[in-house]
Each structure stands twice: as C-alpha cells, then as structure tokens.
Amino acid sequence: MSVPTMSATAQPRNCGPRDVVVERLAERFGETRQSMGLGADNAMVEVFASPTSGTWTITVTSAHGITCLVASGHAYEALAEALPATGRDA
C-alpha cells in the first residue's frame, strides 16, 4: 500500500495530526487501536475499532505525523485464528 505524503498545509479533509484523529475516533465512535504495522515509506497502518459498537477505521500515518482515514465500516470482530499446519496449503 502506497500512500502519498503531503505537507501539513496541503492536507485533504480526511487527514490531520495523528493525536487529533485518534482523539476523535475515541470520542465519536469509542474506537481504540486494535492492531498496527509498517507499510511503504515507513507509513504506520493502524486498525481502530470498538468492540461495543462494532465500528472500525483503518488509518495510515506518514513519517511526518499526518494521519489519513483510508477505510471504515461496521461489524468488527477480533479473531485469534491458528496458522495452518506446516506443509499444508491454506
């Protein structure tokens, strides 16, 4: 996943400083970070979700601290699935 980097003055409407975005997800939807990983260009990809309401949001944060919302939805479920046995197709 490649996300274009932007200056702080050229932010689209669905982007903002990470602390502001995280606070709004918590206040408006009760979402907290459920998982994270590194994407292209050291962008941090995070999944926020509310186990209570089932809403979820995927964000990407650039190395400059600007967070953009890339997807959201309903019916979030946390899973703990085992990996397939070694040597067997998934």
**Report entry** Enumeration of residues in the stretch 44-85 that are out of contact with any Pro (no Cβ under 8 Å at 6 or more places or on another chain), of a type in the set (A, V, I, L, M, F, W, C) and surrounded by 11 or more Cβ atoms within 10 Å (Cβ to Cβ)
**Finding:** 44, 45, 47, 48, 49, 56, 58, 60, 69, 70
Query - Options 77, 46; residue that is closer than 23 Å to residue 16 by Cα, of a type in the set (Asp, Glu) and without any contact (Cβ under 8 Å) to a residue 24 or more places away in the chain - result: 46
Requested in this report: Tell me, please, whether a residue that is modelled with pLDDT of 95 or more and open to solvent by less than 40 Å² (accessible area, probe 1.4 Å) can be found in the stretch 9-19.
Outcome: yes
Report task. Working carefully through the options 54, 37, find the one that is over 17 Å from residue 17 (Cα atoms) and either in contact with a strand residue (DSSP E or B) (Cβ under 6 Å, 6 or more places away or on another chain) or of a type in the set (D, E, K, R) (or both). Result -> 37
Query - All positions within the stretch 31-69 that are of a type in the set (Asp, Glu) and either farther than 20 Å from residue 13 by Cβ or touching a Lys or Arg at 6+ places or on another chain (Cβ under 6 Å) (or both) - result: 41, 46
Query raised in the report: Do you know which of the residues in the stretch 22-43 that are modelled with pLDDT of 95 or more and of a type in the set (A, V, I, L, M) is surrounded by the fewest Cβ atoms within 10 Å (Cβ to Cβ)?
Result: 38
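The values are calculated or read from the model by the stated rules, or taken from the named source; none is laboratory data. Every value quoted in this text rests on a predicted model; they were computed, and no experiment measured them. Cβ sites come from the backbone with ideal geometry, for glycine too, and all protein chains shown count toward neighbours. Surface areas here come from the heavy atoms of the whole protein model, side chains and all, with no ligands, DNA or RNA. Shrake-Rupley method; radii C 1.70, N 1.55, O 1.52, S 1.80 Å.
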